[in-house]
Amino acid sequence: MSTPAKWINALLLIALLSFQSCAVVGGIFKAGVWVGIGAVVLVVLIIIFIVSKASGKN
């Protein structure tokens with residue numbers, strides 16, 4: 001695994017462990033629906049990116 005991938009994995013792990021799901025959902029509802037939709041799209045894109053890098057396909 002390359003160095004940037006290690007940093008991405010480390011940051012993702014820190015983010016997942018540091019946020020409580022209820023607090024994140026509450027923050028999304030306070031910020032608005034479009035921010036929530038944007039956050040979900042961003043998370044899905046990050047997951048797709050990580051899976052594509054892990055599978056080795058370009």
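Below are the figures for this structure:
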item	result
Residue satisfying all of: in region 11-36; small (Gly, Ala, Ser) and at pLDDT 70 or above; nearest to the chain's Cα centre (by Cα) among these	15
Complete set of residues in region 39-53 that are among the small types (Gly, Ala, Ser) and at pLDDT 85 or above	52
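The values are calculated or read from the model by the stated rules, or taken from the named source; none is laboratory data. Values in this document were obtained by computation on a predicted structure and should not be read as measured data.
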